[in-house]
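Asker: Below you'll find the structure I mean.
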Amino acid sequence: MSLGYALRRIVEEYPLARTDPPAGHPLAHVIRKGAPDELRRALAPLGGPFVVKGSPGRGSHWAAVPWLALFDPAVTTSATRGYYLVYVFPAHREAVHLSLAQGTVAAIREYGPRSGDHLRESGARLRERLADFAADLPVTAITLGSAGELPEGYEAAHILGLTYDLAALADERRLHADLAIGLAAYRALKARGGLDLPTQR
């Protein structure tokens, strides 16, 4: 397997996989184990340490939006809070987004119905903090094709990144180069103050 092959399997197989229970499903195993292993291999030359996790959902339910993420443990080890680099898979098209993202659940808990607005406003200000990455990570908004608090939260939480169609996932060299750029942006955000933003007057 390779990173691109693992991502492509998730993109192509997830819609049909969701018609079966996730327990023991081969694709759930790819998301939890195979794809994270490939991402760890891709990260090995880039330093660390990182926590890598993939989520096809919880218990007996597939996620509306599966994800494969890397976390700097000095920032967070969970997609619920902080900020992290993640591959997210939209439900409505054959593609995958590489997203530098803010933790969604923590924002929902703190801001309730205003969480989407808060995340979008924060994301806009964080993009200013990372303006030197705008050319390499030009995607400033993502759509995931699923209604619901979490998918819509993931959309709002996106800061910057890239989108790949299926053909682009065949270019392993590009995937590794883009991962290095995404990681550089992640590290730059950490060095520049993370999610702590000056109070606007």
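Asker: Please work out the FRET efficiency for the pair A23 and E94, using the Cβ-Cβ distance as r and a Förster radius of 25 Å; give the result to the nearest 0.05.
Answerer: The value I calculate is 0.45.
Asker: Report the full-extension gain for the segment A74 to D117: residue separation times 0.36 nm, less the Cα-Cα distance, to one decimal in nm.
Answerer: 12.8 nm
Asker: Between L160, L16, L100, which gets the highest mean-square fluctuation from a Gaussian network model of the chain, Cα cutoff 10 Å?
Answerer: Comparing L160, L16, L100 in a Gaussian network model of the chain, the most mobile one is L16.
Asker: So, one more: Per DSSP H run of at least 4 residues, take -39500 (n - 2.57); add these up for the chain, divide by its residues and hand me the 222 nm value, nearest 500 deg cm²/dmol.
Answerer: Details: 7 runs with 80 residues, N = 201.
So the calculated ellipticity at 222 nm is -12000 deg cm²/dmol.
Asker: Taking N as the number of residues in the chain, what is its alpha-carbon radius of gyration divided by 2.2 N^0.38 Å?
Answerer: 0.97
Asker: Another question, if that's okay. Please identify, among P151, P138, P36, the residue showing maximal mean-square fluctuation in a Gaussian network model of the chain using a 10 angstrom Cα cutoff.
Answerer: Looking only at P151, P138, P36, the biggest GNM fluctuation is shown by P138.
Asker: Set the Förster radius R0 to 22 Å, insert the Cβ-Cβ distance between T163 and K33 as r into 1/(1 + (r/R0)^6), and round the FRET efficiency to 0.05.
Answerer: 0.30
A short reminder: the numbers here are calculations on the coordinates, not readings from a lab. Because the structure is a prediction, the values reported are computed rather than measured. All Cβ positions, even for glycine, are placed from backbone atoms using ideal geometry, and neighbour counts span all protein chains on display.
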